[in-house]
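The values are calculated or read from the model by the stated rules, or taken from the named source; none is laboratory data. Quick caveat: nothing in here was measured; it's all calculated off a predicted structure. Here the Cβ is made from the backbone with ideal geometry for all residues, glycine too, and neighbour counts use every protein chain on show.
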């Protein structure tokens, strides 16, 4: 009898904890509170998500960006949707995440999406998807149900050099990182 009471209490505690986490994950503020606890888990999950993206098994994309202080090249998996003028990225943890701040500071990045490298610039944080950026109904429903409050809008960069940029130029833009022409590229460090 005592054992069944303990089992019932443990199950009830797990149920309450799961309900709390589910409620917390529905709002940006709640996700921000959980972010420090989720970071170690992301260090394990993100490389596997990146592998799935590279194999085209995921509709996510990989943002290649440069650290605003370190100058190191980083890559981060993101939930992204194409628009007529560029892409729209959901910001489930708000605008203060490092990769978003890096992209805003550099004013450019590249994204690997569906096996394609997209050079993007003119990042802008928006509260709602722009009217000229119609989203697929499934993606729009998903982002609404997740309670996404901010988005990063990026435009296609017409001035971007082709991917096979010459190394004789002073700096080549490679995967979102400016690398010196006469030195090795910056190391890619997981974010």
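Find all pairs meeting these conditions: Cβ atoms under 7 angstrom apart; at least six residues apart or on different chains; first residue within the stretch 143-166 and more than 19 Å from residue 103 (Cα to Cα); second residue surrounded by fewer than 16 Cβ atoms within 10 Å (Cβ to Cβ) and modelled with pLDDT under 90. If the second residue must be surrounded by fewer than 16 Cβ atoms within 10 Å (Cβ to Cβ) and modelled with pLDDT under 90, the pairs left are 147/26; 147/27.
Restrict the check to the stretch 50-72 and report whether at least one residue is assigned to a helix (DSSP H, G or I) and surrounded by 15 or more Cβ atoms within 10 Å (Cβ to Cβ). Walk me through how you get there before you give the answer.
So in the stretch 50-72, the residues assigned to a helix (DSSP H, G or I) come out as 50-54.
Now drop any that are not surrounded by 15 or more Cβ atoms within 10 Å (Cβ to Cβ), which leaves 50, 53.
Within the stretch 50-72, one or more residues are assigned to a helix (DSSP H, G or I) and surrounded by 15 or more Cβ atoms within 10 Å (Cβ to Cβ).
Selection of the stretch 98-141 for residues being outside any strand (DSSP E or B), touching a strand residue (DSSP E or B) at 6+ places or on another chain (Cβ under 9 Å) and surrounded by fewer than 16 Cβ atoms within 10 Å (Cβ to Cβ) yields 98, 105, 107, 114, 127, 128, 130, 136, 140. Looking only at residues in the stretch 80-95 that are assigned to a loop (DSSP other than H, G, I, E, B) and free of Cβ contacts under 8 Å to residues at least 60 places away in the same chain, the one that is nearest to residue 151 (Cα to Cα) is 95.
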